[in-house]
1. Put one equal scatterer on each alpha carbon of the stretch 214-274, apply the Debye formula with no solvent term, and list log10 I(q)/I(0) at q = 0.14, 0.17 1/Å to two decimals.
2. Is any residue of the stretch 1-19 close enough, with backbone N under 15 Å, to a label point placed 7 angstrom from the Cα of residue 58 along the Cα-Cβ axis, and if so, which?
3. Gap in Å between the Cα centre of the stretch 193-237 and the Cα centre of the stretch 262-324?
4. Using only the Cα atoms of the stretch 178-241, what do you get for the radius of gyration and for Dmax, in Å?
5. Between residue 201 and residue 304, what FRET efficiency follows from the Cβ-Cβ distance if R0 is 25 Å, with the result rounded to 0.05?
6. Let a ≥ b ≥ c be the square roots of the eigenvalues of the Cα gyration tensor of the stretch 1-82; is it rounded (a/c under 1.5), or, if not, prolate (a/b larger than b/c) or oblate?
7. Mind grabbing the base-10 log of I(q)/I(0) for the stretch 168-307 at q = 0.09, 0.13, 0.17, 0.18 Å⁻¹? Debye formula, identical points on the C-alpha positions, no solvent, two decimal places.
8. For the stretch 28-127, list log₁₀ I(q)/I(0) at each q in 0.23 Å⁻¹, using the Debye formula over Cα point scatterers of equal strength and ignoring solvent, two decimals each.
């Protein structure tokens, strides 16, 4: 939630200690083994086992905000408030994520809410007291938005359950032994009205099959980021940033998360998710909010995503680093997105360009 202010998590790593597949314990930073240091920033578990890392820290301030649930009847107003937030709020200390969420309840009905979580990490002083009350006014003006009493220093307020799975603040379902869940995403440069409408449409379409197909939750998020979040970083594997002096147009994931009861429903829900995300992607492409080939964010992607889709133009360079530190591809035995080992000369020349 603070990436707008401080960049991505990897932008704040200053050093790694790594056990390499060749049996060495090495330190990688901006001065020592810089190629490994840069490849580890977003490169996953392809180069060894990270045993320690050092982070740059920032002054911690209280984060104020709230998670507010809106009904279907308030959806039109909420979508307008989301768009206004994106267009008008340029303060990097503000952030917002809206979850179009459908939950299968015990009585057989599906509950639909738009859960909006708002954050403010600014400095609270007497001079800003009036301004603070005006934060996220578009959401607070909606009938279901409550009043300033909701805005507190622990905005998430997640409930706890020892033997349940928390689906929303304070609400749980019984834990199922074979319960399943997957993230999936598409990559976009921006969020617009057409995309938000399609997100709502696809979430509703997918939720129609919940009762008959063991569905627990269907959720698609609208989580806008500011342009410039990549400008705080250096050379890295992801986002593929080969020239740190060259500005990158910021992009971010529009993600879905589905939960269902057992492996027997895997194909149904994975197909549903893929079709929903592809429909949203088509709208994003049509409205020029996305293009084909934007590097995919692997943390919220389906397991079918390829190294080429994740690392794009950085893949030849990463393959060369892989050949240097893991020539026998030991880390290829692990899970995740696998970077192939460079085959040598031709690929080495391509990586250096």
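FYI, it's all coordinate maths here, none of it is from the lab. No experiment lies behind these values; they were computed from the predicted model shown. Cβ sites come from the backbone with ideal geometry, for glycine too, and all protein chains shown count toward neighbours.
1. -0.60, -0.69
2. 1-14
3. 13 Å
4. Taking only Cα atoms of the stretch 178-241, I get Rg and Dmax of 16.3, 49 Å.
5. 0.55
6. Prolate, since a/c reaches 1.5 and a/b exceeds b/c.
7. The computed values of log10 I(q)/I(0) come out as -0.32, -0.63, -0.96, -1.04.
8. -1.14
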